[in-house]
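The values are calculated or read from the model by the stated rules, or taken from the named source; none is laboratory data. Keep in mind that this is a model prediction, so the values were computed, not measured. No Cβ is skipped: glycine too gets one built from the backbone with ideal geometry, and neighbour counts run over all protein chains shown.
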Amino acid sequence: MMAGSAAFAYSTDAQAQSDNFRYNDEQFADIQMLRYKVEGFERLTLKEKTFIYYLSEAALQGRDILFDQNGRYNLRIRRMLETVYTDYNGNRKDAFYTALSTYLKRVWFSAGIHHHYGCDKFLPDFKPEELRNALKQVDARKLPLAEGQSVDALCDEIFPVIFDPTVMPMRVNQKDGDDLVLTSASNYYAPGITQKEAEKFYTQRKAPLDPQPVMMGMNSRLVRNDDGELEERVWRVGGLYGQAIEKIVENLLKARPFADTPEQQKVIDLLVEYYRTGDLRTFDAYSIAWLKDTESLVDFVNGFTESYGDPLGMKASWESIVNFKDLAATERTKKLSENAQWFENQSPIDNRFKKEKVKGVSAKVITAAILGGDLYPSTAIGINLPNSDWVRREHGSKSVTIGNLTAAYAKAAHGSGMDKEFVIDEPTRQLIATYGDVCDDLHTDLHECLGHGSGKLLPGTDPDTLKAYGSTIEEARADLFGLYYVADQKLVELGLTPNLEAYKSQYYTYMMNGLMTQLVRIKPGATIEEAHMRNRALIARWVYEQGKDGKVVELIKKKGKTYVRINDYEALRELFGKLLAEVQRIKSEGDYEAARLLVENYGVKVDTDLHKEILARYEKLHLSPYKGFINPVYTAIRDTQGNITDVSIDYSEAYDRQMLRYSRDYNTLPDVND
Ligand code: ZN
């Protein structure tokens, strides 16, 4: 998207496509599967698409590593369940098969038998005998049998792990006083190694005065050797997980010629060297090269990264994401940045608080192209890496938000029945369906790109004067800047909004959220604590109160249900402007008392009756608390010589088909990895 008026063409385009694109997919247990759209993929060059293709292959090749890291029986359990799932010759509508399907879907989702979030073991709704019978009826060659092992012996070995709630009950146990290593089921320490032994092993190896310490232990399992001594089995080519890592390296090398820049090729070279040697100094060198590469359009994470799965917080689970700069967001924020001074000058705040020279910030929004390892199917919506303290201190970090995942969550919420339940009438729902996405994005852009950077402190004002109220006031300032300007004729002129109707969708959803729907995240009897939520409540309630006499915004009841009704959108914009002026004054002058009153009066307390009503209505929608994503499918189209001539993208693969395909095509590790 390059030309001026294309911004809007792009959004109608996206709308047309969204008609046959489902954000919400299947639901099972406590999980809702979603899909994300890789906006802009088709417009990338062949070189960029090919680069993404090989990087996404590298992202999928590590899948088995995570299963094994999450528990030493997980790969075998997955293979047993999958064989029954595909080869079952009983009635596929019977209770056993239904329960097995749900259990297997959960095992896929968690990459193991423990809940991905709670870490506790979930139990199947079928009986051990039922699974044993089914396993005896399938082709034994498809089962993970050890040399000479009978199906019965396999069942005897594995079933306590699946069915006995007292065996391996927690993946990561953090309970104070327990031996955290012995009692955690994750596979980072060989069985029988105690917490004391592991801690001693690493304390002895720490170089006390190293100003650039490596993240010791992050890429290995701690085991006991034949002499009874502890040693590390490093995850590298030729080491533990070597079969999977070789495949990852192979695809990184295929990707290398298509990298954006020589700097990015250097990033790949360092990563490959690290995968081959397991050397943690090389890993730090790779991290530094990676964080400095901010120019490349396509970027990726591939490796042992986060250590939440290790009770001692050292050993890192394998993950991958491939992404590229959000082209539409980059284009939008470029337009805003170019006009930053105009926005500053026209702002409804007192001239004393305006910046003489203001610079916009460009978008730090990326589009995810594939998710792998510990980022799949449950994922993060932002990246802030690397994790090494000294690297961050001396070289900084790369921090981005993943726009298409955030958008998918938001769109899934629209399709979840929330709008039908809480939006006042059909015309308003229609307004939101037509303009909601465009204006949500724009509000975020205005907030991030101009809002936070606008205005100035008066000379002598200490930036920390507002103390605990500072972040709420700052978020309110940026949000109000966005709300005021999303309704401006200037955005129509810039081709960012299609007309002066569109902003009303943002005003409605903002008020509905601030006055009502964000309360679904608050427990009964509690108050609002989080700064962004306080800011939304503060803004929505303040303008509601101030506009009461003129009936600008009303809360009305229909059949016992409360709804937001906006009667005068222009007056509402004036009120946002008025509050922006006041919030800027508070910030510029450092008026602590005014900040405290504003936040405490409007941003903290919850109307108990309304809260109860909202929670009850929400409850009836039966929405799943946990969400995860199905990946798109990339297919390389090749000419007769085998050269890639295009890469196609498809969104139709079902969750179980995807998981079975991954288990077949990215089946990199043996049943047992010791
Ligand atoms: Zn902000």
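Per-residue answers, yes or no, for (1) buried (at least 20 other Cβ atoms within 10 Å of the Cβ); (2) away from the ligand (no atom under 16 Å from the Cβ); (3) of a type in the set (A, V, I, L, M):
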site: Pro524; (1), (2), (3): no, yes, no
site: Thr527; (1), (2), (3): no, yes, no
site: Gly550; (1), (2), (3): no, yes, no
site: Val553; (1), (2), (3): yes, yes, yes
site: Ile556; (1), (2), (3): no, yes, yes
site: Thr562; (1), (2), (3): no, yes, no
site: Asn567; (1), (2), (3): no, yes, no
site: Lys578; (1), (2), (3): no, yes, no
site: Arg596; (1), (2), (3): no, yes, no
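Considering only residues that are surrounded by fewer than 22 Cβ atoms within 10 Å (Cβ to Cβ) and either touching a Pro at 6+ places or on another chain (Cβ under 8 Å) or over 13 Å from His611 (Cβ atoms) (or both), which ones fall in the range 508-522? Hit for the range 508-522 is Asn513, nothing else.
Contact map, the range 472-486: residues that are closer than 11 Å to Ala595 by Cα paired with residues that are basic (Lys, Arg) and away from the ligand (no atom under 11 Å from the Cβ), Cβ distance under 8 Å, separation 6+ or inter-chain. Pairs shown: Thr472/Arg534; Ile473/Lys587; Glu474/Lys587. Restricting attention to the range 255-284, the residues that are within 26 Å of the chain's Cα centre (by Cα), surrounded by fewer than 19 Cβ atoms within 10 Å (Cβ to Cβ) and modelled with pLDDT of 95 or more add up to 0.
Of all the helices (runs of 4 or more DSSP H) wholly in the range 405-499, which have at least 3 residues that are modelled with pLDDT of 95 or more and within 16 Å of the ligand (Cβ to nearest atom)? Give the steps one after another, and end with the answer.
Values: elements: 418-422, 426-445, 470-486, 489-493.
In the range 405-499, 470-486 are the helices (runs of 4 or more DSSP H) which contain 3 or more residues that are modelled with pLDDT of 95 or more and within 16 Å of the ligand (Cβ to nearest atom).
Scanning the range 621-638 for residues that are out of contact with any Phe, Trp or Tyr (no Cβ under 9 Å at 6 or more places or on another chain) and either assigned to a strand (DSSP E or B) or surrounded by 16 or more Cβ atoms within 10 Å (Cβ to Cβ) (or both) returns Leu623, Ile637, Arg638. Among the residues of the range 168-185, some residue qualifies, meaning at least one is closer than 15 Å to Tyr73 by Cβ, of a type outside the set (Lys, Arg), modelled with pLDDT of 95 or more and not in a loop (DSSP other than H, G, I, E, B). In summary, Lys292 fulfils each of the numbered conditions (1) modelled with pLDDT of 95 or more; (2) under 28 Å from the mean Cα position of the chain (by Cα) with the single exception of condition (1).
Contact map, the range 526-538: first residue closer than 17 Å to Leu579 by Cα, second residue in a loop (DSSP other than H, G, I, E, B), Cβ cut-off under 7 Å, separation 6 or more or different chains; pairs are Arg534/Ile528; Ala537/Ile528. Residue check: Thr668 meets all listed conditions (1) crowded, with 16+ Cβ neighbours inside 10 Å; (2) in contact with a Lys or Arg (Cβ under 9 Å, 6 or more places away or on another chain); (3) within 30 Å of Met516 (Cα to Cα) but one, namely (3). Residues that are in a loop (DSSP other than H, G, I, E, B), hydroxyl-bearing (Ser, Thr, Tyr) and at pLDDT below 95 within the range 14-70 comprise just one, Tyr23.
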